[in-house]
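Engineer: Let me begin by handing over the structure; questions about it come next.
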Amino acid sequence: MVCCPACGYQSVDVHKSVLARLADSLFSFFIRKPSNPYTWPGNRAQTFPLHRAPLPAKRVELTLVDVPPGSRARLAGFLDGLPVERRVQLQAYGLVANDWVHVLQQAPVTVIQIGHTELALEGKLAGQIKVERIGPEKPDEDR
Amino acid sequence: MHCHSASQPAQIDPNGSIALVGNPNVGKSVIFQRLTGQQVAIANYPGTTVELARGAARQLPGTLLMDTPGVITFPPHSQDEQVTARVLLYEPLKGLLQVGDAKNLRRTLLLTVQLAELGLPLVLALNMMDEAEARGVILNQPVLVERLAIQVVATTATRGLGLAELTAALGSACPPAFRLAYPAEIEAAIAGLGACWSVGELEETPVAPRALALMALASDQVAEAWLRERLTSAAYEEFLDVRNTLQLSFVEPLQAVIQTTRLEYVDRVAAEVIQAAGLGRQGISARLGRLTTHPAWGTLILLSVLYALYWFVGVFGAGTLVGLLENDLFGNLINPAVVNLVNRVVPYQIVADLLVGEYGLWTMGMTYAFALILPIVATFFLAFGVMEDSGYLPRLAALSNRLFVFLGLNGKAVLPMVLGLGCVTMATLTTRVLESKRERLLVTLLLALAVPCSAQLGVVMGMLAGVSLAATLIWAGVVFAVLLVVGWLSAQLLPGERSLLLVELPPLRLPVFSNVLLKTLARVEWYLKEVVPLFLAGTALLFALDRTGLLQAVIRAGEPLVSGWLGLPPEASAAFLIGFMRRDFGATGLFVMQTQGLLNPQQVVVAMVTITLFIPCIASVMVIARERNWRTALSMVALILPLAFLVGGLLYRGLAWIGWGT
């Protein structure tokens, strides 16, 4: 167990318990975790805060997992943590800043359409792709 | 020291091959097949080509073509992409044929730029032109030719369109006069490296020194390994110094800087060439495609597909067809005639027994192979061919991702796992499409442990269908549970992170009947070549053991395990013994025992679970050793064998405790 030094609240350290890790894996199999600590994935307009207190002044990046299915999104690049090899691979597939992609679905994985290509990306990976804006823009606005 | 002309290749071998290179799933293998007349595995999903196929071009005398695994971009990411990268550096090549998807021009061009930089004669086949036109894509081909300075041919390979022009272009291809300008610092580093690397060090590759320098600066592991093998340690250290110093000039990693330069160029060319981008996929195919990855509808479709597979292979193949072949054809017609003939012609009883006795090469080995296994594998390969040509398999990767995340993998692992239902040996090779060594090892273990090949699956389905649906569910549930537990534990024990899913979903297409039929026949032929010798060897072994009295000794020795622990009749020892050669051979032995009324429903389920979890076959153990190493292969065998008997014994006790199937 891990204990909070401030309030004494205990939580499980899943890295130190095989059973806890098994349970955690089972839970994560059935329940999709939010893409960031403050919002559920899905339409931004429908998101709700998990805390009543005001959020810390931290800039939350909009990513592909935040784009509702059926919408188009203009890409803004990648989050810093994404390895360069993966970034280069995504760019080769056409995921380039300022391009529009069409988000087809968000579960069980994120499925997007870029040009004539359909790609399926795991939520964690889609959460690394920054989005500048979301909108039902027409295809002729591309680039 | 000598300086090369930067863009010219070090050595173009006039007797070398032409390599077909391109993104995955763009039709390279179809073009290869059309140009050489050779049949290679083709499917509507990426990763079909995991090994190189070579063949003589029919219309280009003396020219060898080489089909390579698809590559998205260089540096390569997976083991199969590395195969392609190694072809470019290590093989004597006289040219390249890039096959690109006409619909996805930007992605195609990104690879074209990298291939053009290699300095080898290059021809671009813009394939799938029919699909591009159907979607309203219009390309200005003359502008493309002008910008890239290479020959570009529009093709629709599946219908043979444009292939004559392609052959002519290949015959007259020249090294492209193409040079993309990179930032000044990178250009200076390339010039510096070109000046340092001597002729002798570079003459073994057809690739231009400039391209080699760019690959190495972009941290291409294949290029790095190639340089390490050929440069002196001082020269290699100097290269590393140059790269490290160059990196200081940029905020972004060099790989990203080089890629950005190429992307900007590709964008400019694409903007000039694409006159109409066309509409995305629409219609029934697109809608059905989306349903197949929908959480609810996708699962329903998957269950329907599995049921259809069960019915076609298990009920029709293993039931109806096997009944017709085993009882009517072999049992009533062929075998009596052969037995008669042998007994009349062969004067020695022992030889006659070897051919047509209880453990006879014909009455057991050939009958098992042709009457019992052949109809099952043929129906499975037919069904599998339809599934793979329809483009359904990559959608399974998206649908099953969460399951594989639980196993420390990602949904891409479903491709080798489903292929394993066809043949575990082939599927072990296909693990090359997975990105990390850890993932390849995990999937190899799961394939060897809990994925039955088509032959075995058919026998198992046939036997269980003869018992009850509950028997099938118990078997499937136990095998699946073992797969989950072993997979999860292995994922926890094996160090390393899993990679995140990224997979292209090809359009759903109506399978081409001729292609499915050709593939089925090719696979059945391959199966017969692999299986029949093993079946005959297994039968001969049993015959020898029987004659020497050792079979009874083996059965007696196996009795505590087979009868005491698994609760099976002692004769089942012989089935497990031949199961060491092939699981399906062992399963067939148990099938015959069931038809003779020697197994009750409980014993059928226990026997099927145990033989399913057995080591797959000698051939797949050899492939595991080749792909990984012997230590890994033997460790897997050492884990799998006791586990199979442990699970079988526990199941026997569990079923006996609840009183099921006695």
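A short reminder: the numbers here are calculations on the coordinates, not readings from a lab. What you are looking at is a predicted structure, and each value in this text was computed from that prediction instead of being measured. Quick reminder, even Gly has a Cβ in these numbers, built from the backbone with ideal geometry, and neighbours come from all protein chains shown.
Engineer: So what J values fall out for segment B:393-401 if you push phi through Karplus, 6.51 cos²θ - 1.76 cosθ + 1.60 with θ = phi - 60°, rounded to Hz, Gly and Pro as x?
Structural biologist: Running phi through 6.51 cos²θ - 1.76 cosθ + 1.60 with θ = phi - 60° gives 4, x, 5, 5, 4, 5, 5, 9, 4 Hz.
Engineer: Shielding by partners for B:397-403, please: the mean number of other protein chain Cβ atoms within 10 Å of each residue's Cβ.
Structural biologist: Average per residue, whole number: 5.
Engineer: May I pose another question? Please give the average number of partner chain Cβ atoms lying within 10 Å of the Cβ of each residue in B:409-418, rounded to a whole number.
Structural biologist: So the per-residue partner count for this stretch is 1.
Engineer: Do the sum for chain B: with -39,500 (n - 2.57) for every DSSP H run of n ≥ 4, divided by all residues, what is the mean residue ellipticity at 222 nm, to the nearest 500 deg cm²/dmol?
Structural biologist: The per-residue figure over chain B is -18000 deg cm²/dmol.
Engineer: Got a sec to turn the phi values of segment B:653-658 into Karplus ³J(HN,Hα) couplings, 6.51 cos²θ - 1.76 cosθ + 1.60 with θ = phi - 60°, whole Hz, x for Gly and Pro?
Structural biologist: Those phi angles translate into 5, x, 5, 5, 5, 8 Hz.
Engineer: Run the simple label-point estimate for residue B:149 and residue B:512 please: 7 Å along Cα→C-beta, distance reported in nm.
Structural biologist: 3.6 nm
Engineer: Okay, moving on. Quick check for me: using +1 on Lys/Arg Cβ and -1 on Asp/Glu Cβ, what's the dipole size of segment B:530-638 about its Cα centre, in debye to the nearest 20?
Structural biologist: Details: 7 positive and 6 negative charges, 58 e Å.
Using only the charged Cβ atoms, the result is roughly 280 debye.
Engineer: Still on this structure: Taking the Cα centre as origin and putting +1 on Lys and Arg beta-carbons and -1 on Asp and Glu beta-carbons, what dipole magnitude results for segment B:59-143, to the nearest 20 debye?
Structural biologist: 180 debye
Engineer: Of B:100, B:418, B:472, which is farthest towards the positive pole of the protein assembly as shown's charge dipole, taken about the Cα centre with +1 and -1 on the beta-carbons of Lys, Arg and Asp, Glu respectively?
Structural biologist: B:472
Engineer: Here's a follow-up. Which of B:620, B:378, B:568 sits farthest toward the positive end of the charge dipole of the protein assembly as shown, with +1 on the Cβ of Lys and Arg and -1 on the Cβ of Asp and Glu?
Structural biologist: Comparing the listed Cα positions along the dipole, B:568 ranks first.
Engineer: Shifting gears a bit: Beyond 27 Å between alpha-carbons counts as too far, so tell me which of B:28/B:103; A:124/B:519; B:94/B:529; A:130/B:437; B:28/B:519; B:28/B:412 fall in that bin.
Structural biologist: Where the Cα-Cα span goes over 27 Å, the pairs concerned are A:124/B:519; B:94/B:529; A:130/B:437.
Engineer: Give me, ordered by chain and number, the residues 5 or more places off residue B:580 or on other chains with an amide H under 5 Å from its own placed amide H.
Structural biologist: Result for residue B:580 returns nothing.
Engineer: Can you list residues whose amide H is under 5 Å from residue B:407's amide H, if they're 5+ apart or on another chain and H is modeled 1.01 Å from N?
Structural biologist: Residues meeting the amide H criterion: none.
Engineer: So for chain B, averaging the separation of alpha carbon pairs under 8 Å that are six or more residues apart and normalising by length, what relative contact order in percent results?
Structural biologist: So the answer I get is 13 percent.
Engineer: Would you tell me the mean number of C-beta atoms belonging to other protein chains that fall within 10 Å of each C-beta in B:261-267, as a whole number?
Structural biologist: 2
Engineer: Considering only B:495, B:127, B:251, whose Cα is most displaced toward the positive end of the charge dipole of the protein assembly as shown, charges sitting on Cβ of Lys, Arg (+1) and Asp, Glu (-1)?
Structural biologist: B:495
Engineer: Could you sort the peptides B:516-528, B:127-139 by per-residue average Cβ neighbour count (10 Å cutoff), highest mean leading? Kindly include the intermediate steps, with their values, before the conclusion.
Structural biologist: Working: B:516-528: 17.0, B:127-139: 19.2.
In descending order of packing, they fall as B:127-139, B:516-528.
Engineer: Give me the dipole magnitude in Debye, nearest 20, for the protein assembly as shown about the Cα centre, with unit charges on the beta carbon: positive for Lys and Arg, negative for Asp and Glu.
Structural biologist: Value, rounded to 20: 1460 debye.
Engineer: Ok, one more. Compute the angle between helix B:79-90 and the longest alpha-carbon principal axis of chain B, please, reported from 0 to 90 degrees and rounded to the nearest 10.
Structural biologist: Relative to chain B, helix B:79-90 is tipped by roughly 50 degrees.
Engineer: Pairing the Cα long axis of helix B:618-627 with the longest principal axis of chain B, what angle in degrees results, from 0 to 90 and rounded to the nearest 10?
Structural biologist: Computed tilt is about 30 degrees.
Engineer: I would also like to ask the following. By how many degrees, between 0 and 90 and to the nearest 10, does the Cα long axis of helix B:437-450 differ from the longest principal axis of chain B?
Structural biologist: So the inclination is approximately 20 degrees.
Engineer: Around residue A:62, which amide H atoms from residues at least 5 apart in sequence, or from another chain, sit under 5 Å from its own amide H, with H modelled in the peptide plane?
Structural biologist: Counting only residues 5 or more places away or on other chains, the set is A:131.
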